Amino acid sequence: MRTAEIRAELTEREDTHRLHWRSSLEFSLDCFICERTGRTTLFERGAERALCSGSRSGFKRHHAPARIAGFDTTSGEERLAVRAILDFWWAPFTDLRDGGKVAVPTGHSWVRLHLAYHCPTAKEAGTGSIQTNLVRPHRLTCEHCDLLLAVDEETPAVRLLV
């Protein structure tokens, strides 16, 4: 069993749209079930297991032995932060595509965190996301009225705990 911590913070937050973190995220994991590295794995808070994206040839989407073990958010006048703890099972394998042996995970480079809000002007809901491979600073704007919702100045931090 391995555990990873993900932290992210948005600044210059405006509150009229009630921007908040959604309880789902995507994380890159090496999957010993489909024996592929760097699989996009969907996590939902409260779910007993995650969902691996599988591969284009062979394995379709499938359940993965992973879950959100902790999820908390903090909001202040001009900031919105999230901390997620992910537990996942890991076992050594050889990648079916390129034949490379997978070593013990030492870090994961990619995560996408989801956000939601409500536009009072359009009276419509909206969604957004941030991920590790965006150019920073990244400005999140309302898809309905183009108001700046927050700024993502730093790449989300991913740290392997165990």
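The values are calculated or read from the model by the stated rules, or taken from the named source; none is laboratory data. The structure presented is a predicted model; accordingly, all values stated were derived computationally and were not measured. Positions of Cβ are backbone-derived with ideal geometry, glycine not excepted, and every protein chain shown enters the neighbour counts. The protein model used for the area step is the full one, side chains on, heavy atoms only, and it has no ligands, DNA or RNA in it. Shrake-Rupley method; radii C 1.70, N 1.55, O 1.52, S 1.80 Å.
Once segment 69-99 is narrowed to residues that are open to solvent by 40 Å² or more (accessible area, probe 1.4 Å) and among the β-branched types (Val, Ile, Thr), the residue that is farthest from Thr155 (Cα to Cα) is Thr94. Every listed requirement among (1) touching a residue at least 12 places away in the same chain (Cβ under 8 Å); (2) open to solvent by 30 Å² or more (accessible area, probe 1.4 Å); (3) on the phi < 0 side of the Ramachandran plot; (4) touching a strand residue (DSSP E or B) at 6+ places or on another chain (Cβ under 8 Å) is met by Arg18 save one, (3). For segment 1-15, residues that are farther than 15 Å from Asp152 by Cα and either open to solvent by 40 Å² or more (accessible area, probe 1.4 Å) or of a type in the set (Asp, Glu) (or both) total 4. For segment 115-126, the criterion of being in contact with a Phe, Trp or Tyr (Cβ under 6 Å, 6 or more places away or on another chain) and outside any strand (DSSP E or B) is met by none of the residues. Of everything listed in (1) under 19 Å from the mean Cα position of the chain (by Cα); (2) part of a strand (DSSP E or B), the single unmet condition for Arg136 is (2).
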